[in-house]
Amino acid sequence: MNSEELKNLRDLRERIRHSTAHVMADVVTQLYPEAKLAIGPPTQDGFYYDFMVDTPFSDEDLAKIETAMGKVISQDLPFIYAEYTREEISAMNQLEPLKLEVISGIPELEVISTYSHGEFEDLCAGPHVESTGKIPAFKLLTVAGAYWRGDENRQMLQRIYGTAFESQASLDEHLERLEEAQRRDHRSLGKELDLFSIHEETGPGLIIWHPKGARVRSILEDFWRKEHYKRGYDLVYTPNIGRENLWQTSGHLDFFQENMFPPAETDGQNYYLKPMNCPFHIMYYKSSLRSYRDLPMKIGELGTVYRYERGGTLHGMLRVRGFTQDDAHIFCTPDQIEKEIDGVLDLTFDLMEAFGFDDFTMNLSTRPDKAVGSDEQWQLAEKSLMNTLDSRGLDYQIEEGGGAFYGPKIDVNIRDAIGRSWQCTTVQFDFNLPERFGLTYIGDDGGSHQPFMVHRVIFGSLERFMGILIEHYGGAFPTWLAPTQVQIIPIADRHNKYATSLHNQLSESGIRSGIDTRSERMNAKVRDAQINKIPYMFIVGDREVESETVGVRLRSGEDLGALSLNEIKKRISSEVEGKIT
């Protein structure tokens, strides 16, 4: 499917889902007349609608709503567009307080429109399908609480989630993916595999990495550092807090304060937990006079930051309040830009492919209406991003006006084992901070110039990337990443000595192993090792002790038979060195 066909399919699905949300709202107001309407947009994978009701919806309610929706769809009622004045639409919605609030937020000169089908009419800009009968396949999924406007100080609403597709086959395929995603949920697997935990006592959105999870993180970090040093990055460590004037200069207190934790006062000065690493990297740049000969300067850090995320948005490791960004900032001259962007993409693809991700999509976000920086800077930056993507023959979508006010960017999305897309890598120009902090370098002409500054992350955050990895692998990490690569299973106590000897030899070779010395039957130990998704099991009994071999089984259940320790060590080492996934 080419890019044009993909766009047409996305547009069709958006219309179908928006229309299905309207049908659902219609049915809810019929079945529950006391329900007040909020909003009901389409989403990437479906739709939702928020309702203000006295009693939360139950699973039985969802089944009743779904059945009634089917009847409305079968009537093939046309969707009809209409426009109204502000006074007319307000009068129509006088019994809908949330709709009145939405109406009050519509700009004065903007058209106010509705779509109706049958007797139901809803404030809406569209688009929709022609009639309810053009909704081929849908399913209501879940119901959850959601604060109005996402503000925890506002009323709690009931949000019904659903999805709809252009065919029953596409819906069935999506529902199968949802079931598989549920089986792979990193929150459940994280607990089952003892990888991490979150506690109310320590605070929501704050991750405690358990030893097994910390082992995976350590491997990931070591790999990240090695690749960065190899590519000319210098790595730094910076503080977790900074004085108020730093965040004032950077603009965070003006534009980002609602996402920052409140300050603590020390020596008459306010200090904030850092929400980003960039001001500290800038301070390093400013610590010495820089020349064009010093550029490009690539400063990286696995830096832990803290951001206040609303409680309702937190989600396991994927949305947290404390996380470690694999952050880097590149300071360069205009003629170095394209080469540096190309280098970031090289690094991105090499790192991601090592984890088994080889399906990428790109978005290029361009200048918004309100922006800092000169026209020349924006044109050069956008052209550099486009040229780099084009020279590599990469397909990408242009999001016109989608860039931040301080610079254009490239987002790289990866697709996981069950087809879900995750946005991880970002390459973001910044014309704002170099200006705010007065960054300069001495050019080859002897004059003072402002460097170009590029923010970039590859994984995004270690917490979120770990959550993605758990779900991508279904908890079964490849051998090179697995916290325990080999579980040694002695059949009886008399085999423990040999098992310990094997463990020591594996450790000397850098292979991570454990010994199950419990008084359990061998089959139970094997099953437990498989449940814990350990790649290799070494079974040792009288025969193995006598022949100085091990009985090798894989977590898949495959039995490789008796092998010498050297043979199997070579196999494991080969998987680790080749990062076989």
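Values as computed for the structure displayed
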item: Residues located in segment 478-506, provided they are surrounded by 15 or more Cβ atoms within 10 Å (Cβ to Cβ), over 39 Å from the mean Cα position of the chain (by Cα) and in contact (Cβ under 8 Å) with a residue 60 or more places away in the chain; result: Leu502
item: Output for segment 97-129, where each listed residue is surrounded by 16 or more Cβ atoms within 10 Å (Cβ to Cβ), farther than 19 Å from Gln158 by Cβ and not aliphatic (A, V, I, L, M); result: Thr114, Tyr115, Ser116, His117, Glu121, Cys124, His128
item: Count - residues of segment 130-157 that are in a strand (DSSP E or B) and not aromatic (Phe, Trp, Tyr); result: 12
item: 3 or more residues within 18 Å of Ile135 (Cβ to Cβ) and of a type in the set (A, V, I, L, M): qualifying helices (runs of 4 or more DSSP H) within segment 56-121; result: 59-74
item: Lone unmet requirement of (1) in contact with a Cys (Cβ under 8 Å, 6 or more places away or on another chain); (2) more than 19 Å from His281 (Cα to Cα) for Asp445; result: (1)
item: Pick from segment 410-437, criterion touching a helix residue (DSSP H, G or I) at 6+ places or on another chain (Cβ under 9 Å) and closer than 15 Å to Thr348 by Cα, ranking: surrounded by the fewest Cβ atoms within 10 Å (Cβ to Cβ); result: Trp422
item: Qualifying position, being of a type outside the set (D, E, K, R) and in contact with a Pro (Cβ under 8 Å, 6 or more places away or on another chain), among Phe477, Phe538; result: Phe477
item: Those helices (runs of 4 or more DSSP H) lying entirely in segment 234-299 with at least 2 residues at pLDDT 95 or above; result: 244-250, 278-286
item: Qualifying residues in segment 377-406 (those that are in a helix (DSSP H, G or I) and without any contact (Cβ under 8 Å) to a residue 24 or more places away in the chain) - the one nearest to the chain's Cα centre (by Cα); result: Met386
item: Selection count, segment 512-547, where residues are out of contact with any Gly (no Cβ under 9 Å at 6 or more places or on another chain) and more than 23 Å from Lys191 (Cβ to Cβ); result: 11
item: Options Leu193, Leu253, Leu178, Leu189; residue that is surrounded by 14 or more Cβ atoms within 10 Å (Cβ to Cβ) and closer than 27 Å to Gly300 by Cα; result: Leu253
item: Residues being in contact (Cβ under 8 Å) with a residue 40 or more places away in the chain and touching a Phe, Trp or Tyr at 6+ places or on another chain (Cβ under 8 Å) - total across segment 156-171; result: 9
item: Some residue of segment 185-206 being in contact (Cβ under 8 Å) with a residue 12 or more places away in the chain, in contact with a strand residue (DSSP E or B) (Cβ under 6 Å, 6 or more places away or on another chain) and aliphatic (A, V, I, L, M); result: yes
item: Restricting segment 512-530 to residues that are in a helix (DSSP H, G or I) and of a type in the set (A, V, I, L, M), the residue that is surrounded by the fewest Cβ atoms within 10 Å (Cβ to Cβ); result: Ala524
item: Residue satisfying all of: in segment 531-581; among the polar types (S, T, N, Q) and touching a residue at least 24 places away in the same chain (Cβ under 8 Å); surrounded by the fewest Cβ atoms within 10 Å (Cβ to Cβ) among these; result: Ser573
item: Segment 6-24 - residue that is surrounded by fewer than 22 Cβ atoms within 10 Å (Cβ to Cβ) and over 21 Å from Leu175 (Cα atoms) and, of those, farthest from the chain's Cα centre (by Cα); result: Asn8
item: Number of positions in segment 392-407 that are more than 24 Å from Phe465 (Cα to Cα) and buried (at least 19 other Cβ atoms within 10 Å of the Cβ); result: 2
item: Qualifying residues in segment 130-145 (those that are hydrophobic (A, V, I, L, M, F, W, C) and either surrounded by 19 or more Cβ atoms within 10 Å (Cβ to Cβ) or more than 21 Å from Ile39 (Cβ to Cβ) (or both)) - the one farthest from the chain's Cα centre (by Cα); result: Ile135
item: Pairs, first under 20 Å from Asp342 (Cβ atoms) in segment 225-247, second part of a strand (DSSP E or B) and of a type in the set (Gly, Ala, Ser), C-beta under 6 Å, six or more apart; result: His228/Gly300; Tyr233/Gly300
item: Subset of segment 360-384 (residues that are modelled with pLDDT of 90 or more, farther than 30 Å from Phe477 by Cβ and touching a strand residue (DSSP E or B) at 6+ places or on another chain (Cβ under 9 Å)); result: Leu364, Ser365, Thr366, Arg367, Pro368, Gln377, Trp378, Leu380, Ala381, Glu382, Ser384
item: Scope segment 7-46; condition within 14 Å of Glu66 (Cα to Cα) and outside any helix (DSSP H, G or I); matching residues; result: Tyr32
item: Condition broken by Phe51, with the remaining ones in (1) assigned to a loop (DSSP other than H, G, I, E, B); (2) at pLDDT 95 or above; (3) buried (at least 19 other Cβ atoms within 10 Å of the Cβ); (4) not β-branched (Val, Ile, Thr) satisfied; result: (1)
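Let's see how each residue does on (1) farther than 17 Å from Thr163 by Cβ; (2) touching a Phe, Trp or Tyr at 6+ places or on another chain (Cβ under 8 Å); (3) outside the structural domain of Ala125 (by TED's automatic domain parsing); (4) modelled with pLDDT of 95 or more:
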residue: Asn8; (1), (2), (3), (4): yes, no, no, no
residue: His22; (1), (2), (3), (4): no, yes, no, yes
residue: Gly40; (1), (2), (3), (4): no, yes, no, no
residue: Asp45; (1), (2), (3), (4): no, no, no, no
residue: Phe79; (1), (2), (3), (4): yes, yes, no, yes
residue: Arg86; (1), (2), (3), (4): yes, no, no, no
residue: Met92; (1), (2), (3), (4): yes, yes, no, no
residue: Leu95; (1), (2), (3), (4): yes, no, no, no
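Quick grid of which residues meet (1) over 30 Å from Gln182 (Cβ atoms); (2) at pLDDT below 95:
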{"residue": "Asp358", "(1), (2)": "no, yes"}
{"residue": "Arg392", "(1), (2)": "yes, yes"}
{"residue": "Gln397", "(1), (2)": "no, yes"}
{"residue": "Gly403", "(1), (2)": "yes, yes"}
{"residue": "Asp411", "(1), (2)": "no, no"}
{"residue": "Phe431", "(1), (2)": "yes, yes"}
{"residue": "Pro451", "(1), (2)": "yes, no"}
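The values are calculated or read from the model by the stated rules, or taken from the named source; none is laboratory data. The structure displayed is predicted, hence computed values, not measured ones. Glycine also receives a Cβ, built like all others from the backbone with ideal geometry; neighbour counts cover every protein chain displayed.
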